[in-house]
Amino acid sequence: MFKKKLTLKLLFFLILTDFIETFTHLCFKKSALIENEVIITRFSELLVFLQNVFSSPFLWLGILSVLCTFILWSSLLSKVDLSVAVPVCSFSYILVPLASIIFLHEKVSLFRWSGVLFILLGVVFVSLSASGKERALE
């Protein structure tokens, strides 16, 4: 099987997908914040909420960035193994909470940061086990 190499240029674009993905999440959150604590009890209230959300430029920016991520990701996967690309693109686990703190003024507890750390450690272990398995097969 053909083994694809991860170059510095490909690494840059993989990390770029993390930043675009983080931007996407921020846009969708901002579009959802059009109305605080929405309680929908009637169909007419649902229609008003949907009208407000769909008129938000943040929603459309989010959808556009999903499209950009899809195009970039599809292109990258033709050049990089999936088992390499996904662990590299795990920086969004750090970027999303950081962006939430900076741009949305959210509070991220130490307990939540511990969870992020455990996720990242899991990604590292999976990556190391996958690369170890590949070396054993060579």
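The values are calculated or read from the model by the stated rules, or taken from the named source; none is laboratory data. Note that the structure is predicted; figures quoted are calculated from it, not measured. Backbone-built Cβ (ideal geometry, glycine too); neighbour counts: all protein chains shown.
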* Structure fact -> Filtering the range 16-51 for residues that are touching a helix residue (DSSP H, G or I) at 6+ places or on another chain (Cβ under 9 Å) and not β-branched (Val, Ile, Thr) leaves a count of 15
* What number goes with the only condition from (1) over 16 Å from residue 27 (Cβ atoms); (2) part of a helix (DSSP H, G or I); (3) not β-branched (Val, Ile, Thr) that residue 79 does not pass? -> (2)
* Structure fact -> If we keep only residues of the range 7-23 that are among the polar types (S, T, N, Q) and in a helix (DSSP H, G or I), then the residue nearest to residue 60 (Cα to Cα) is 22
* Which of the residues spanning the range 72-82 are surrounded by fewer than 14 Cβ atoms within 10 Å (Cβ to Cβ) and not aliphatic (A, V, I, L, M)? -> 74, 75, 78
* Members of the range 97-111 that are within 17 Å of the chain's Cα centre (by Cα) and not hydrophobic (A, V, I, L, M, F, W, C) -> 97, 100
* Structure fact -> Within the range 24-47, residues surrounded by 14 or more Cβ atoms within 10 Å (Cβ to Cβ), modelled with pLDDT under 90 and either part of a helix (DSSP H, G or I) or touching a strand residue (DSSP E or B) at 6+ places or on another chain (Cβ under 8 Å) (or both) come out as 31, 32
* Asked: Identify, please: which residue in the range 92-138 is in contact with a helix residue (DSSP H, G or I) (Cβ under 9 Å, 6 or more places away or on another chain) and among the β-branched types (Val, Ile, Thr) and is, among those, modelled with the lowest pLDDT?
  -> 126
* Count of residues meeting criterion [hydrophobic (A, V, I, L, M, F, W, C), out of contact with any helix residue (DSSP H, G or I) (no Cβ under 6 Å at 6 or more places or on another chain) and at pLDDT below 90] in the range 64-84 -> 2
* Run residue 67 past the list (1) part of a helix (DSSP H, G or I); (2) under 30 Å from residue 5 (Cβ atoms); (3) touching a residue at least 24 places away in the same chain (Cβ under 8 Å) and report the number of the one that doesn't hold. => (3)
